[in-house]
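**Q** The structure is given below, and queries will be raised subsequently.
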Amino acid sequence: MKEILRIILIAFRHKYKLAIAYITTFIAVAAYVVLPRYFGEAIDEIAKLLEGNQSVSSQSIINIAFVILGLSVIRGVMSFFQTHLAESISQYVSYDLRNEFYDHVQNQSFAFHDQYHTGNLMSRAITDVENIRMFINMGLVRAPYFISLFIIVAYILIASNLILGLVAVAFMPVVAIYTSKIRLRMRALWLIAQEKMSELSIILQENFAGQRVVKAFASESYEESKFQSKNQEVADIYIKAEQLRISSVSFMLFTFMISMAIVLFFGGQLVIAGNDFTAGDLAEFIFYLQILAMPIRMAGWIVNSYARAASAGERMFEILDIQSEVKETKTPVIPEGNRFKGDIKFKNVSFYFDKNNNVLESINLHVEAGSVIAILGPPGSGKTMLANLLSRFYDPTDGEIQIDDVNIKDYSLKMLRQNIGMVQQDVFLFTTTLKENIAYGFEEATSNEIKNAAMISQMDGFIESLEGGYDTFVGERGSTLSGGQRQRMSIARAVLMDPPILVLDDSTSSVDANTEDKIKTQMNAVMQNRTTFVIANRLSTIHNADHIIVLDNGSIIEQGTHKELLNLKGAYRQIYDLQLRPQDQSAENETRVKSS
Amino acid sequence: MNLGLGGVSAARGHSDEEFFGSAYDQRVILRLTPFIRPHIRMLTVSIVSMLIYTVTLVVVPWIIGHGIDQYIINKNQQALTMLSVVFVVVAVINWITNYIQQYAMQRVGQGVLFGLRKKLFGHVQKQSLSYFDNTEVGRLMSRVQGDVGQLQEFSALVVMSLGELLSLIGIVIALLLMNLKLGLITMVVIPILMVIMISWQKFAKKTFVEVRRRIAIVNASFNENISGVRVVQSFNRQERNMEIFNEKNLSHRWSNIVAGRYAAMLLPAVDILTAVSIVLAIYFGASMVEAGELGIGVLVAFIMYIQRFFDPIRNLTMQYTQLQRSMASGARIFDLLDRTPTLEDNKNAINMPVVKGDVEFKNISFSYVDGEDVLKDINLQISAGETVALVGRTGAGKTSIVSVLARFYGIQPGRGNIYIDGIDTTSVNRESLVHQISMVLQDPYLFSGTVFENIRYNHPNVTDEEIVNAAKAVGADGFITKLSHGYDTYLTERGNNISLGQRQLISFARAIAPNPKILILDEATASIDSQTEVLIQKALKTLLKGRTAIVIAHRLSTIRGADKIVVLEQGRIIESGTHIQLIQQKGLYSDLYDMNYSSIESV
């Protein structure tokens, strides 16, 4: 119910449209409910003809005919407006919801996105929004139409003949009670059905996105069986939900027919008894009852749409009510010229997803403006998390991070992130041109600036060799580019951004040595006057850093310059030795070759 | 107009959004028949009960008319009671048959959807990677889920529409039987209605097409920008993306409202025509009653019938959008099913016997795009148990070689052959072959599921112990056991809750676990730190024993120990030999080698 109220509130944003929709509804109902009276009158007139009453002229029948036509025109025109407005309000609501949902989701912290699968979010944005839309149309706008039709017809029936009227509408409470009972069960079923559906969509999405793996393992039939079992579950739950709907719909029609039979029986008695209840009156009575046939049939749909909307609303609002853990400050500090100097301090920073498992523990670190800091450590040691905390993709569980002596929580997110250029490990390219991918977030960048950035990241040559040049489209997630090329695209993006703080997260791992060397030379120039975080596995990329920290299990175990760390003879030294060994071996091999 | 990111490709070129479909598309219905066939018994049950149900519906006005004329006006109490009892019996039959017809029909509907989804999914699996390279995930999703979902609504509609069509026929028959002359008179409005419907449909069609196209754009944009949310946030693109999204969403709303207006336009026409028909019945009925040709009850029944007569059309206008959506969805689904699967096995393909590991490429050329060969006349022989390293600059064709071997793409006819153990790979069933090859890919894609499930992937007979051993062999055991639930830890979408390096280790373990005869390592250690890498290198020495291995790596240190090194440049093999031979040749390999180590020397 709570969900339905919230949905209705959204619809109330369009209150003028809604008001007009209800007014036209009312007029349409009014025109509709007086129609049977004239049908009845016509029958009475004709009955009089039959009795040989010559006072009836064909003129009176023609008059009735014109009234019927006029009322129908009014009714038709009003139903046009009503239907059109119902549709348009429902479209406005789904538009609002889709926009809000999208905006809300795109501003959530990474922790949210770790938890909610894109497939799951997609299914909410598609199916749940549509279900809510249908409810606005069917439930919110049309239900009052049907309900008022019901009430007015009931009133007319009772007013025209108390007993017969009461008998005729006796089925209404039955329908009402039955409907409300079934509504709850239906809602629960739809919730399960939607959940199953979104599980199915996760399987689909992962399968499509991971096709390379699927193909590499020839696991098509395995994937099919995975899909099949979920597919079966979806079919089963839909059958169940539908069955419920069908049993209610068929029962409602049944009660309606029974009341029709009763009216015929008792009404027939009344006419036979001749207590000024004429055949025309009975006909009128039946015509009125007939009006109810449509609402009865639609009731099932309405209840269904209500149940679906309630569960869809629940899923929708579940997301919309999640507050991003990363919150904006209300009074942001604005640095001079909107640009940081780049002095960074980590003060006792810890981070964990769950208490037993610290990702980072009491990190203390001071990076002076303009210096280069390198971070080294095995996978999962927390290197990337360090960078994620800096950009506030997550907030630290403990401690604080300062940039230029201000807690980063006191800057606006936009300010913070526009000052930090990130080359992320997992490169994500968008389905658009190479140019737009490089200028991502900088629509105002000129072609020259873009080209320059591509030159630094060693992408220019390749791009120019393409037929479309910078206007070439890249496939989804950049699938038409190789891993190394994608990484270089991401470097170009960061270069174009020209930030005071640069984070290079393992940014050249998929690039061949030749290219890496070229990028490095260029990057050295780019890194001038910037605070740079270099996260890398290979010493060659980091030994020039001003400061090197070695992470293990979320803690800093060693730090210092390259020389200092070598002298420590600790973990760093070990890595250094490991990486040099092949070199020594190759020297050995070569001597062997020479001697042979 | 700038459509912005994401939707651009949906708006340009991709013809599959062009399907609009009419409200009734015979081809779609015909194509559905094979999916309906398995449920033919249920369908028969449904149709039979639907016929009975229709009779019970149509008979009601007749009962009322008959009652008024024969018993009420003639004051026949007893017969009226009898008739009422008959009415109640009719109502009960109506209830039962209504339930059965709908229930059976929706069982059929669900069965068809189930089959369709299954078929579609299986069909998509048979496409080569080039299909996936060129098709957005969002688009595929909307095909298998969105479009099939549309048919779901359709199945419910079919029940309603079919029922209404039947009652329409029933009513026509009843009208003509009750009074031929009056029946014909009241039906003169039908041709008018037909003309209106046909011309309406022409206009409406276009607008509904537009609706479908625009929603596809909205969804594609949503999918892409949420998948890439990490980049979106780090480049502060939320506001701009919101603008773009809003623009698409807005244009979708607009086209929907226009379409809705078209649908609503039929209503006044139907209402007025109903009235005209009733008025005709009353006017002509009156003189016929006077002349004694017609009973009043019959006239009452006539009016009731006419009111009902237009109900199907009224409903159709309400459901027209849905009907058309479903037809368009159906057309798109069958278009996808008609795409010849590029990876389908030869008709007489045999199962690959247990692989020993001899691999031979004979004159293999390959292109992703016609006319742009990425592999040119590759000849390569690898004996069982050998380790071969592929070396070359980015884009030289290394990954393409292994992609062709693993049959990600079909070998184009006349463009060479690949033999494994002397058997032409096109003559064997793909699954039986690739199942015996393991790969570690550049992008260590993991599925949501536990670590166990991820390593066991597609090899259900691999034991937990073997999994732990594989993880140990690649040095993944250490971090896995430290995860909150060890091997039972649930990895989220793409393994986002562990680091890239860790993902790579798991994908390594996944390749090793089934103990394959042929192992392909494509940049398998790119994101792994050097300590772990050295561990893996060491482990590989034992792991590669007795297996044929093809190794791709940029770091030459990883591949120096290979039995044979093959150097590629622009899709051709330009050098091949052992490390020592190639160093002596002073060709590209020795250049690359120098480059690679110069950086470390400077340390």
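We did not get these values from a lab; they are worked out from the coordinates using the rules stated. Just so we're clear, the structure is a prediction, and the values are computed from it rather than from any experiment. When we count neighbours, we look across all protein chains shown, and the Cβ atoms used for this are built from the backbone with ideal geometry, even at glycine.
**Q** Using the Cα centre of segment B:25-338 as the reference point, and only Cβ charges (+1 on K/R, -1 on D/E), how large is the resulting charge dipole? Debye, rounded to the nearest 20.
**A** Charge dipole of segment B:25-338: 1040 debye, to the nearest 20.
**Q** Largest first and in whole Å, give the semi-axes of segment A:331-477's equivalent ellipsoid, each being the square root of 5 times a Cα gyration tensor eigenvalue. Present the calculation step by step, with values, prior to reporting the outcome.
**A** Numbers: eigenvalues 221, 75, 39 Å².
Each semi-axis is the square root of five times an eigenvalue, giving 33, 19, 14 Å.
**Q** A further question on this structure: Percent of alpha carbon pairs in segment A:427-498 separated by more than 21 Å?
**A** 9 percent
**Q** Determine ³J(HN,Hα), in whole Hz, for all residues of segment B:148-164 in sequence, where each value follows from phi through the Karplus function 6.51 cos²θ - 1.76 cosθ + 1.60 and θ = phi - 60°; x replaces Gly and Pro.
**A** Running phi through 6.51 cos²θ - 1.76 cosθ + 1.60 with θ = phi - 60° gives 5, x, 4, 5, 4, 4, 4, 4, 5, 5, 4, 4, 5, 5, 4, x, 6 Hz.
**Q** In this model, which of A:K345/A:K383; B:K472/B:K545; A:K347/A:K409; A:K330/A:K409; A:K196/B:K482 are farther than 22 Å apart at the alpha-carbon?
**A** Working: A:K345/A:K383 16 Å; B:K472/B:K545 17 Å; A:K347/A:K409 13 Å; A:K330/A:K409 10 Å; A:K196/B:K482 32 Å.
Long pairs (Cα-Cα over 22 Å): A:K196/B:K482.
**Q** Something else now. Looking at segment A:227-330, which trypsin sites (Lys or Arg not before Pro) are in a loop (DSSP not H, G, I, E or B) and have at most 10 other Cβ atoms within 10 Å? If you can, show how the numbers build up before the last one.
**A** On the way: sites: A:K230, A:K240, A:R245, A:R297, A:R308, A:R315, A:K327, A:K330; in loops: A:K327, A:K330.
Qualifying residues, ordered by number: A:K330.
**Q** Using only Cα atoms, find the angle between the long axis of helix B:77-125 and the longest principal axis of chain B, and express it within 0 to 90 degrees, rounded to the nearest 10.
**A** The angle comes out near 20 degrees.
**Q** Given H placed 1.01 Å from N in the peptide plane, which residues other than close sequence neighbours of A:T561 have an amide H under 5 Å from its amide H?
**A** Correct list: A:I548.
**Q** Would you kindly compute the Cα radius of gyration of segment B:216-359 and its largest Cα-Cα separation (Dmax), both in Å?
**A** 30.0, 100
**Q** Counting other beta carbons within 10 Å of each residue's own, what order do B:D488, A:D505 fall into, fewest first?
**A** The fewest-first ordering by Cβ neighbours comes to B:D488, A:D505.
**Q** If exposed trypsin sites (Lys or Arg not before Pro) are those in a DSSP loop with at most 11 other Cβ within 10 Å, what is the longest stretch of chain B that has none?
**A** B:13-346
**Q** What value, in deg cm²/dmol to 500, does the helix sum -39500 (n - 2.57) over DSSP H runs of n ≥ 4 give at 222 nm once divided by the residues of chain A?
**A** Values: 23 runs with 380 residues, N = 596.
About -21500 deg cm²/dmol.
**Q** Shifting gears a bit: Using only Cα atoms and rounding to the nearest 10 degrees, what angle (0 to 90) does helix A:143-160 make with the longest principal axis of chain A?
**A** Its long axis makes an angle of about 10 degrees.
**Q** At what distance in nm do the modelled label points of B:S590 and A:E368 sit from each other, each positioned 7 Å from its Cα along Cα→Cβ?
**A** 4.6 nm
**Q** Give me the inter-chain shielding for B:60-69: mean count of other chain Cβ atoms within 10 Å, whole number please.
**A** So the per-residue partner count for this stretch is 4.
**Q** With label points built 7 Å along Cα→Cβ from the Cα atoms of A:S447 and B:E569, find their separation and express it in nm.
**A** Result for the modelled spin labels: 3.3 nm.
**Q** Let me ask something else about it. When only alpha-carbon atoms count, how far does segment B:25-338 stretch along each of its three principal axes, as whole angstroms with the largest first?
**A** Each principal axis gives a Cα extent; for segment B:25-338 these are 86, 40, 31 Å.
**Q** Sticking with this structure for a sec: Shielding by partners for A:252-262, please: the mean number of other protein chain Cβ atoms within 10 Å of each residue's Cβ.
**A** Rounded to a whole number, the mean comes out at 6.
**Q** Can you list the residues of segment B:368-410 with backbone N under 14 Å from a point 7 Å past the Cα of B:K362, pointing along Cα to Cβ?
**A** Only B:378-382 fall inside the zone, counting backbone N under 14 Å.
**Q** Then there is this: Give, as a single signed number, the net charge of other residues whose beta carbon lies under 12 Å from the beta carbon of A:S94, with Lys and Arg counted +1 and Asp and Glu -1.
**A** Its environment carries a net charge of -2.
**Q** Tell me, what HN-Hα J-couplings in whole Hz come from the Karplus equation 6.51 cos²θ - 1.76 cosθ + 1.60 at θ = phi - 60° for each residue of segment B:394-403, using x for Gly and Pro?
**A** 4, x, 6, x, 4, 5, 4, 4, 6, 5
**Q** Name the residue from A:Q232, A:L282, A:I23 whose Cα lies farthest towards the positive end of the charge dipole of chain A, charges +1 on Cβ of Lys and Arg and -1 on Cβ of Asp and Glu.
**A** A:L282
**Q** Take chain B, mark every one of the GluC sites (Glu not before Pro) that falls in a DSSP loop and has at most 15 other Cβ within 10 Å, then report the longest stretch left between them, sites excluded.
**A** Values: sites that count: B:E18, B:E293, B:E344.
Free of exposed loop sites, the longest segment is B:19-292.
**Q** Under 8 Å for C-alpha pairs, at least 6 residues apart: give me the relative contact order for segment B:106-248, rounded to a whole percent.
**A** The value is 27 percent.
**Q** Under 5 Å between amide hydrogens, which residues at least 5 positions from B:E575 or on another chain qualify, with H placed 1.01 Å from N in the peptide plane?
**A** B:V567
**Q** Turning to a different aspect of this structure: Pairwise over distinct Cα atoms, reciprocal of the mean inverse distance: report the Kirkwood radius of chain A in Å, one decimal place.
**A** Answer for chain A: a Kirkwood hydrodynamic radius of 30.6 Å.
**Q** Grab every C-alpha pair in the protein assembly as shown, bin the distances at 20 angstrom width from 0 up to the longest one, and report whole percents.
**A** The distribution over the protein assembly as shown is 10, 35, 28, 16, 9, 2, 0, given as percents.
**Q** Output needed: percent of Cα pairs per 20 Å distance bin for segment A:2-320, bins running from 0 to the one holding the longest distance.
**A** 25, 44, 22, 7, 1
**Q** Then there's this: B:S484 versus A:T397, label points 7 Å from Cα toward the beta carbon: distance in nm?
**A** So the label points at B:S484 and A:T397 sit 1.0 nm apart.
**Q** At a Förster distance of 30 Å, what's the computed FRET efficiency of B:T33 paired with B:K206, Cβ-Cβ distance as r, to 0.05?
**A** For B:T33 and B:K206, the calculated efficiency is 0.55.
**Q** Okay, moving on. Which whole-Hz couplings ³J(HN,Hα) result when phi for each residue of segment A:61-78 is put into the Karplus expression 6.51 cos²θ - 1.76 cosθ + 1.60, θ = phi - 60°, listed in order with x for Gly and Pro?
**A** 5, 5, 4, 4, 4, 5, 4, 4, 4, x, 4, 5, 4, 4, 4, x, 5, 5
**Q** Which Cα, out of A:Q487, A:F442, A:F430, lies furthest along the positive dipole direction of segment A:427-498 (beta carbon charges, K/R +1, D/E -1)?
**A** The listed residue farthest towards the positive side: A:Q487.
**Q** Provide the percentage of antiparallel DSSP beta bridges, counting only those with both residues in the protein assembly as shown; round to the nearest 5.
**A** Once the DSSP bridges in the protein assembly as shown are tallied, antiparallel ones form about 55 percent.
**Q** 222 nm [θ] for chain B, helices only, -39500 (n - 2.57) per DSSP H run of 4+, per residue, to 500?
**A** Result for chain B: -20000 deg cm²/dmol, rounded to the nearest 500.
**Q** State the antiparallel share, in %, of DSSP beta bridges confined to chain B, rounding to the nearest 5.
**A** Percentage antiparallel, nearest 5: 50.
**Q** Now for a different question. I'd like to know which of B:M194, B:V229, B:V45 lies farthest towards the positive end of the charge dipole of segment B:25-338, counting +1 on Cβ of Lys and Arg and -1 on Cβ of Asp and Glu.
**A** Final value for the positive-end residue is B:V229.
**Q** Give, in whole angstrom and from largest to smallest, the semi-axes √(5λ) of the equivalent ellipsoid of segment B:33-163, with λ running over the eigenvalues of the Cα gyration tensor.
**A** 50, 13, 8
**Q** Turning to a different aspect of this structure: Non-local amide H neighbours of A:G399 (under 5 Å, H modeled in plane, Pro and chain starts lacking H): which ones?
**A** Counting only residues 5 or more places away or on other chains, the set is A:S350.
**Q** Still on this structure, please answer the following. Work out the length of the dipole vector of the protein assembly as shown about its Cα centre, built from +1 on the beta-carbon of each Lys and Arg and -1 on the beta-carbon of each Asp and Glu, and round it to the nearest 20 debye.
**A** Computed about the Cα centre, the dipole is about 1600 debye.
**Q** Say a site is exposed when it is one of the GluC sites (Glu not before Pro), sits in a DSSP loop, and has at most 16 other Cβ atoms within 10 Å; what is then the longest site-free stretch of chain A?
**A** Numbers: sites that count: A:E51, A:E325, A:E328, A:E368, A:E443, A:E444, A:E467.
Formally, the longest exposed-site-free interval is A:52-324.
**Q** Relative to the longest principal axis of chain A, what angle (0 to 90°, nearest 10) does the C-alpha long axis of helix A:483-497 take?
**A** Relative to chain A, helix A:483-497 is tipped by roughly 90 degrees.
**Q** Set the Förster radius R0 to 60 Å, insert the Cβ-Cβ distance between A:F473 and A:V174 as r into 1/(1 + (r/R0)^6), and round the FRET efficiency to 0.05.
**A** E between A:F473 and A:V174, to the nearest 0.05, is 0.45.
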